[in-house]
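The values are calculated or read from the model by the stated rules, or taken from the named source; none is laboratory data. What you see is a predicted model; the values in this text were computed from it and never measured. When we count neighbours, we look across all protein chains shown, and the Cβ atoms used for this are built from the backbone with ideal geometry, even at glycine.
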Amino acid sequence: MDAEVVVIGGGQSGLATAYALRRQGLTPVMLEAADRPAGSWPRYYDSLTLFSPARYSSLPGMPFGGDPDRYPHRDEVVDYLTAYADRLDADIRTGARVAEVSAEGEGFGIALADGSLLSARAVVAASGTFGNPHRPALPGLQDFTGTVLHAADYRAPEPFAGQRVIVVGAGNSAVQIAAELATVAGVTLATRAPVRFARQHILGRDLHFWLTVTGLDTAPLGRLLRTPPTQPVLDDGRYRSALNSGAPDRRALFTEAGDGKVTWADGTTEQVDAIVPATGYRPDLPYLARLGALDAAGRPLHRDGASLTHPLLAYVGLEWQRSLSSNSLRGVGRDAVRTARRLAARLRR
């Protein structure tokens, strides 16, 4: 075998997994498709900041520096992950996109997009979800002649200045992008149901303090969920205020689109320049399609990150893999440690 364990994907999931595997005495090879070990973080929209304070946003073995109560910006996270990678005693290969994983004897064969091959005794799929934006069948969207830009490709509001824009979605990214666009454009947030908010601060403490002390952040609820629930929008008051002031306004999802226009539930039709679906993501695991490890919808067959089809295949960084925080900076390290211990025990056997 070329490697004991191959970790597919970088960023917080891949790096935390590589760290945890090294702590178990294993020698992982981490394959990251991007040209930096920070995963998808450099491609998030420019104004993004973490929902959790720095004190709750560290990976194992390296605290997030600076003021622990601040909410780090995207670029700070990129710098943190880059520094974390530099400190890891692991074989990290960037620009290494995995095309397919196959079963070979008692291990796996890993074919890369450049034609090169690797073999490994075990594989951890840590590629997250950002590479697989969810694009639901919105009414008439295929006939809409204006700009359609998924939130994964959104960077900044300036290109939309003076335009009429609809943002579709009710999650954190949808509300944040809509509020940001509303500073330069006429924006509607279109949702199937009213937006639910959660207070960022309760009794003078950030919400993540209460999630931690109550144990809700780590409760193993993921195994009970067939479909991950929609999370409420974390708000310090500004987003609820923006919606209440009509910048953006909120409406029920349009009933039809096409020829640069949309029709609303009340029958009115208007010209629209752009539609921005902020409709989330799905597990980005196309390289496992022929391995038999996924269900018909492309979701991994697993329990707490352990594959139900291949004993030496595991997952890290899935939404609700084990708990509320499984796919976040603050929680992925716990899942990585659990996965590394389980794989190490099986490899020793």
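Considering the conditions (1) within 16 Å of the chain's Cα centre (by Cα); (2) assigned to a helix (DSSP H, G or I); (3) crowded, with 21+ Cβ neighbours inside 10 Å, residue 42 is excluded by exactly one of them, (3).
Scan the range 99-106 and tell me whether some residue there is in contact (Cβ under 8 Å) with a residue 40 or more places away in the chain, over 20 Å from residue 318 (Cβ atoms) and in a helix (DSSP H, G or I). No; the residues of the range 99-106 include none that is in contact (Cβ under 8 Å) with a residue 40 or more places away in the chain, over 20 Å from residue 318 (Cβ atoms) and in a helix (DSSP H, G or I).
Among residues of the range 188-203 being in a strand (DSSP E or B) and either in contact with a Lys or Arg (Cβ under 8 Å, 6 or more places away or on another chain) or of a type in the set (S, T, N, Q) (or both), the one that is surrounded by the most Cβ atoms within 10 Å (Cβ to Cβ) is 189.
Residues that are of a type in the set (Asp, Glu) and either in a loop (DSSP other than H, G, I, E, B) or within 18 Å of the chain's Cα centre (by Cα) (or both) within the range 1-39 comprise 2, 32, 35, listed in sequence order. From 214, 227, 268, which residue is exposed (fewer than 14 other Cβ atoms within 10 Å of the Cβ), in the same structural domain as residue 182 (by TED's automatic domain parsing) and not basic (Lys, Arg)? Just one listed residue meets the conditions, 268. For the range 214-247, a tally of residues being modelled with pLDDT under 95, part of a helix (DSSP H, G or I) and among the hydrophobic types (A, V, I, L, M, F, W, C) returns 1. When you look at residue 85, is it buried (at least 18 other Cβ atoms within 10 Å of the Cβ), in a helix (DSSP H, G or I) and in the same structural domain as residue 285 (by TED's automatic domain parsing), yes or no? Yes: the conditions hold for residue 85.
Within the range 134-188, the set of residues being at positive phi and either charged (D, E, K, R) or in contact with a Leu (Cβ under 8 Å, 6 or more places away or on another chain) (or both) comprises just one member, 169.
The residue pairs whose first member lies in the range 136-157 and is of a type in the set (Val, Ile, Thr), whose second member is surrounded by 15 or more Cβ atoms within 10 Å (Cβ to Cβ) and part of a helix (DSSP H, G or I), and whose beta carbons are closer than 8 Å, counting only pairs six or more residues apart or on different chains, are 148/141.
Is it true that residue 278 is in contact with a Gly (Cβ under 6 Å, 6 or more places away or on another chain), among the aliphatic types (A, V, I, L, M) and farther than 12 Å from residue 141 by Cα? It is true that residue 278 is in contact with a Gly (Cβ under 6 Å, 6 or more places away or on another chain), among the aliphatic types (A, V, I, L, M) and farther than 12 Å from residue 141 by Cα.
Mind checking whether some residue in the range 49-58 is assigned to a strand (DSSP E or B) and either surrounded by 15 or more Cβ atoms within 10 Å (Cβ to Cβ) or touching a helix residue (DSSP H, G or I) at 6+ places or on another chain (Cβ under 9 Å) (or both)? Scanning the range 49-58 turns up at least one residue that is assigned to a strand (DSSP E or B) and either surrounded by 15 or more Cβ atoms within 10 Å (Cβ to Cβ) or touching a helix residue (DSSP H, G or I) at 6+ places or on another chain (Cβ under 9 Å) (or both). When the residues of the range 203-251 are filtered to those that are of a type in the set (A, V, I, L, M) and free of Cβ contacts under 8 Å to residues at least 24 places away in the same chain, the one that is farthest from residue 68 (Cα to Cα) is 224.
Where strands (runs of 3 or more DSSP E) fall entirely within the range 249-349, those with at least 1 residues that are of a type in the set (Lys, Arg), farther than 29 Å from residue 219 by Cβ and touching a Leu at 6+ places or on another chain (Cβ under 9 Å) are at 249-252.
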